[in-house]
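All of the numbers you see were taken from the coordinates with simple rules; none came from a lab. This is a predicted model, so every value here is computed, not measured. All Cβ positions, glycine included, derive from the backbone under ideal geometry; neighbour counts span all protein chains shown.
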Amino acid sequence: MSAARDIVAGALCCIGTFFFLVGTTGLLRMPDVFTRLHPSTKCDTLGACSVIVGMAVYSGWSWELCKLVVIACFLLLSSATCGHAIGRSALRRNIPYWRRQGKETGDGNGA
Amino acid sequence: MKRVLSLFFIAALGVLLLYVVASMPPMGDPQTPTATHVIPRYLERAEEETHTENVITGVILNYRGYDTMGEVTVIFCALAAVLAVLGRERRGRIRGFVDRSPVPSSTIVRTMVRFMVPFIILFSVYTILHGEISPGGGFQGGAIIGGSMIIFTTVFGLYESSRRIPQKVRAPLEGSAVIVFFLVGALGLVGGGNFLTYAWPHAARGLQPALVTWLTVLVEVGIGLGGAMVLISILFAMIREEEEIALTA
Amino acid sequence: MRLLHNYHYAAAMALFCIGLYTVIVRRNIIKKLIGLNIMETSVFFFYISLGYLDGGVAPIHAGSADPARMVNPIPQALILTGIVVALSVTALALSMVILLYRQYGTLDVDRLMREEEPAAEGAAGEGEGGA
Amino acid sequence: MGAWRHFPIFMITLPLLGAVLMPFLGYLRERWVPYAALLPLAASTLLGFLLVGRIPAGDHLSYHLGGWEPPFGIEIRVDHVGLFLMLVVCAITLLALVYSRRYIEKEVSPGRRTAYYVLYLLMSGAMLGFTATGDIFNLFVFMEILALSSYALVAITGNRNAVRAAFKYVLMGAPSSIMVLLAVGFLYSVTGTLNMADLASRIAESGYTEVLVVSYILFVIGFGVKAALFPLHMWLPDAHSIAPSPISALLSGLLVEVCAFALVRITFSVFTRSATDLVGGTADAVGVAAAAAVLYGGIMAITQKDLKVMIAYSTVSHIGYIFLGITAFTAEGLTGAMYHMLDHGLAKACLFLCAGNFIYLKGYRRIEELRGAWRQMPWTCFAFALASISVIGIPPTAGFISKWYLILGNIRAGKWLYTIVLLSGSILAAVYCLRIIYYMFFQAGKEEAWEDASRDVPPGMLVPVWALSLGTLFFGVFSYLLIPSLLKASAYLL
């Protein structure tokens with residue numbers, strides 16, 4: 001029982017860190033605000049929440065579980081709002097979309 | 001040229017530092033000088049000597065309380081310095097919030113912030129009051145209050161937030177941390193001990209531990225309030241400058 | 001191989017050098033301040049690693065914690081002070097940046113320092129912040 | 001043990017507490033602030049003078065904060081040398097504060113005046129705490145209060161050059177603080193303690209030589225920037241010349257010296273003589289840098305056209321003197337360094353305040369504009385002349401005594417080259433000081449340059465200037481009051 005719980009918890013944490021890795025890579029590699037927003041918001045929601053769920057599994061039924069659930073709730077709310085706010089203000093400020101340089105210039109398959 | 005020189009200097013420094021690291025005591029070893037010299041006494045006797053369960057709080061506020069007094073003075077000094085450079089906002093000068101940014105905050109963001117800020121402040125109160133028995137304390141709690149006001153101000157603007165925490169409230173509380181520290185220190189003097197001794201002068205022997213714990217909590221609250229107000233005042237001073245830049249630009 | 005065992009310290013020193021490089025070489029003053037903060041953070045990291053103990057627990061006397069297994073509380077207490085100091089310096093420096101930007105309209109340190117240098121011509125090279 | 005053992009902590013905390021209470025007074029009665037700010041400093045000065053003679057000979061006063069004995073709690077440690085420097089700090093800050101009241105009205109905008117006094121009190125309290133502390137991390141904390149308040153005071157006029165100079169100061173000062181923090185970390189990692197006396201005994205038996213050496217190097221770099229030792233002095237000429245004159249006096253007359261004194265403490269109370277082989281190489285390098293500073297500062301001062309910049313470069317040169325005294329590693333050299341801290345503090349503060357007088361009355365900053373100045377401002381000019389005689393080191397003044405002991409110390413140590421450097425530094429000082437005296441007294445000024453109804457600056461500004469310049473004369477004539485005890489105290493430190 002305990003071993004199975006550890007395995008599940010470890011797997012969830014690994015998934016979470018994987019999303020963090022992918023998200024950070026995307027943040028570094030993507031060319032403009034909107035495309036960067038896409039991976040970086042995944043970090044908080046998917047990555048951090050997976051880690052938290054993993055920790056919740058690890059801790060079992062205890063007082064920590066309650067705290068972890070609250071943290072997860074606030075994380076989901078705040079990171080989604082944050083992504084929305086950044087995206088919206090970037091859109092309203094007319095920050096230009098990224099367009100592929102070179103062959104395909106022009107027509108709007110940007111972002 | 002300057003670049004090459006500085007690169008060379010940094011490389012030399014880096015090699016020197018790595019060389020030191022290689023000859024430092026091994027990390028995490030229970031036999032290093034750091035783990036054997038002063039620490040054992042702190043860890044074993046802190047609870048009975050400082051009446052706090054959290055040894056870190058005991059070290060910060062009691063054993064090394066003078067450092068912390070210097071530290072709250074640093075915060076106060078930072079505020080005085082920022083105000084000396086930028087100038088404080090005049091009383092009643094902010095007449096209304098003119099949203100100069102091209103993008104006013106959306107309803108979603110406003111609702112979320114309005115929903116979250118009370119929880120954040122609740123959490124900071126918890127952090128301040130529980131610093132004595134769990135991770136946390138005045139500085140952390142104060143920083144959390146400051147952070148909540150930063151969120152609030154970015155979304156609702158300077159007018160709204162300075163109406164919530166007006167200068168009337170902030171100004172007297174900014175120095176509270178230093179004053180509380182000084183009062184506690186002087187209390188120790190009155191009791192016949194040295195400065196910063198946590199003790200009530202003529203309390204009954206059995207009551208002393210509880211009173212010392214309450215003094216610790218009092219200092220934590222003072223630090224929390226003072227730190228938070230300093231952060232908020234610095235924020236407001238900076239925002240006012242930003243708005244003036246926007247006006248002149 | 002002590003260096004590999006003390007990899008925390010080595011990482012802190014590497015960060016320190018990166019921060020110092022940023023402070024000295026970068027021309028944007030905001031980036032210089034970021035470099036300053038990297039330096040500070042590296043020192044905090046170094047201190048916290050100093051207090052680490054293999055298999056240690058938090059130094060809180062709750063329940064049945066064994067004092068012999070607790071990590072060192074002093075570096076944590078010191079670093080709290082260090083963080084506050086770093087915050088204060090950063091706040092002051094940023095407020096100066098606000099004023100400088102308003103008065104000079106640039107964040108480039110070379111242009112800042114070159115513009116109508118006051119009587120002290122000899123003091124133009126500001127970069128060697130610790131050479 | 002009477003009540004006087006609490007005096008050092010009150011000397012430190014009263015200015016800090018006064019600084020915190022000052023905004024309230026500024027809110028209620030802004031006009032009282034300049035007078036009220038004098039109170040804590042006067043109290044500190046009084047307590048300091050009451051403490052004279054209380055410290056047992058050849059020993060120190062140790063005050064345990066919170067009642068925790070030293071390796072566990074923080075200790076305030078005042079020995080004779082420390083008390084001497086604390087008294088110098090008290091006296092000069094008090095005089096410069098008296099001077100500030102009139103001067104600040106001219107240079108600092110009304111909204112910032114309360115902040116000026118708050119920062120001023122914080123700075124003086126921090127200097128006292130910095131000098132008195134016996135704990136190495138506490139040293140860092142007070143250094144940061146000192147640094148923050150001085151950054152802000154340089155920028156307090158808010159004009160663009162001042163903010164730029166202050167920012168340059170921050171860019172050099174903040175990394176140096178971090179280096180000191182790192183050095184403290186290294187020391188802590190191999191000793192496990194932060195108390196200076198305990199550190200000394202633990203270092204003597206510690207096997208981690210490399211760590212200790214690098215820690216000392218970092219200390220030297222960190223405090224070297226703060227004390228403006230030669231290759232690290234770039235911030236000084238700008239910051240010291242652009243700051244308001246009372247602040248220039250404090251920065252130049254006290255701050256750099258207090259930081260040099262911190263290095264004295266690190267060298268002699270922490271690394272101690274038993275570990276001289278640890279610091280030997282670094283100390284030699286410091287000696288070379290200091291010798292270069294003496295010459296460089298002197299030559300740069302000769303070439304300057306702006307009066308305050310010239311005085312600032314003279315400070316660079318005199319910091320070199322102090323460090324040469326320290327690196328001689330003899331009792332005479334150390335006594336000379338300590339006495340030089342006194343007379344350089346007095347003389348340099350006086351010079352900057354005199355420069356402030358010219359700026360206050362006429363707005364003149366350039367040296368050529370001082371031609372014939374003594375016709376209108378005889379008092380200021382005579383004080384200036386007296387202080388510059390002390391800077392040069394001509395006999396009846398304190399400058400002569402300190403240079404005598406510096407040279408004696410270096411001869412005792414067998415460092416002949418440094419002796420020559422010290423002597424030639426005096427010649428350079430004579431060149432740059434006598435040039436100004438020549439302009440002031442023996443050249444006719446332009447026709448309308450000095451025509452004004454007012455003769456000299458108001459007495460509130462003249463009294464501090466004259467107190468300082470007479471101080472250099474007093475400590476030159478009555479040097480036997482201090483020198484024997486300083487020699488004894490230096491021997492104790494060594």
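A P(r) calculated from all alpha carbon pairs of the stretch A:3-111, with 10 Å bins opening at zero, reads 14, 33, 27, 15, 8, 2 percent.
Per-residue mean of foreign Cβ neighbours for D:327-334 is 0 (Cβ atoms of other chains, 10 Å radius). Placing a label point 7 Å from the Cα of C:ARG27 along the Cα-to-Cβ direction, the residues of the stretch C:89-116 whose backbone N falls under 15 Å of that point are C:106-115. The stretch D:8-22 and the stretch D:298-364 have Cα centres spaced 28 Å apart.
Taking amide H positions as modeled 1.01 Å from N, with prolines and chain starts lacking one, the residues under 5 Å from D:LEU61 and 5 or more places away or on another chain are D:VAL78, D:ASP79. Given a Förster radius of 22 Å and the C-beta distance between B:GLU160 and A:HIS84 as r, what FRET efficiency does 1/(1 + (r/R0)^6) yield to the nearest 0.05? According to the calculation, E is roughly 0.60. Here the simple spin-label model places points 7 Å from the Cα toward Cβ, and for C:ALA58 and B:ARG41 these points are separated by 2.7 nm.
From most to least packed by mean Cβ count within 10 Å, the peptides D:370-383, C:78-91 give C:78-91, D:370-383. Going down the table (D:LYS308/D:LYS415; D:LYS106/D:LYS403; C:LYS31/D:LYS226; D:LYS308/D:LYS403; B:LYS2/D:LYS415), which pairs top 28 Å between alpha carbons? Checking Cα-Cα distances, D:LYS308/D:LYS415; D:LYS106/D:LYS403; B:LYS2/D:LYS415 exceed 28 Å.
Sites listed here are chymotrypsin sites (Phe, Trp or Tyr not before Pro) in the stretch B:155-187 whose DSSP assignment is loop and whose Cβ has at most 12 other Cβ atoms within 10 Å, and the list is empty. Relative to the Cα centre, the charge distribution of chain D, modelled as +1 at Lys and Arg Cβ and -1 at Asp and Glu Cβ, gives a dipole magnitude of about 940 debye. When you filter the trypsin sites (Lys or Arg not before Pro) in the stretch D:211-305 for DSSP loop state and at most 15 other Cβ atoms inside 10 Å of their Cβ, you are left with D:LYS305. Once each of the trypsin sites (Lys or Arg not before Pro) sitting in a DSSP loop with at most 12 other beta-carbon atoms within 10 Å is removed, chain B keeps B:101-249 as its longest stretch. Label separation (D:THR303 vs A:ILE7): 7.7 nm, computed from points 7 Å beyond Cα along the C-beta direction.
By how many degrees, between 0 and 90 and to the nearest 10, does the Cα long axis of helix D:136-154 differ from the longest principal axis of chain D? In chain D, helix D:136-154 runs at an angle near 10 degrees to the longest axis. How large is the Kirkwood hydrodynamic radius of the protein assembly as shown, in angstrom, based on all distinct alpha carbon pairs? Averaging 1/r across every pair of different Cα atoms and inverting gives 29.7 Å. Using the Cβ-Cβ distance between D:HIS6 and D:ALA292 with R0 set to 45 Å, the FRET efficiency from 1/(1 + (r/R0)^6) comes to roughly 0.50. Rounded to the nearest 10 degrees, the inclination of helix A:49-59 to the longest alpha-carbon principal axis of chain A is 10 degrees. With the convex hull of the Cα atoms taken as the outline of the stretch D:3-493, the averaged projected area works out to 21.2 nm². Each residue, A:LEU75 and D:TYR480, gets one label point 7 Å from its Cα in the Cβ direction; the gap between the two is 7.9 nm. Can you compute the FRET efficiency between A:LEU65 and D:TYR438 using 1/(1 + (r/R0)^6), with r the Cβ-Cβ distance and R0 = 60 Å? Round to the nearest 0.05. So the FRET efficiency works out to roughly 0.10.
The stretch D:197-252 and the stretch D:46-123 have Cα centres separated by 20 Å. Inter-chain Cβ neighbour count for A:81-93, averaged per residue, equals 4 (cutoff 10 Å, partner chain atoms only). For chain B, the share of alpha carbon pairs falling in successive 5 Å distance bins from zero is 1, 6, 10, 13, 12, 11, 11, 11, 10, 8, 5, 2, 0, 0, 0 percent. The slack between D:ALA204 and D:PHE24, meaning 0.36 nm per residue of separation minus the straight C-alpha distance, is 59.8 nm. In chain D, the longest principal axis of the Cα atoms and the axis of helix D:256-265 are about 10 degrees apart. Per residue of peptide D:61-67, the mean number of Cβ atoms on other chains within 10 Å of the residue Cβ is 6. Here the protein assembly as shown is assigned +1 on the Cβ of each Lys and Arg and -1 on the Cβ of each Asp and Glu. Its dipole about the Cα centre then comes out at about 2220 debye.
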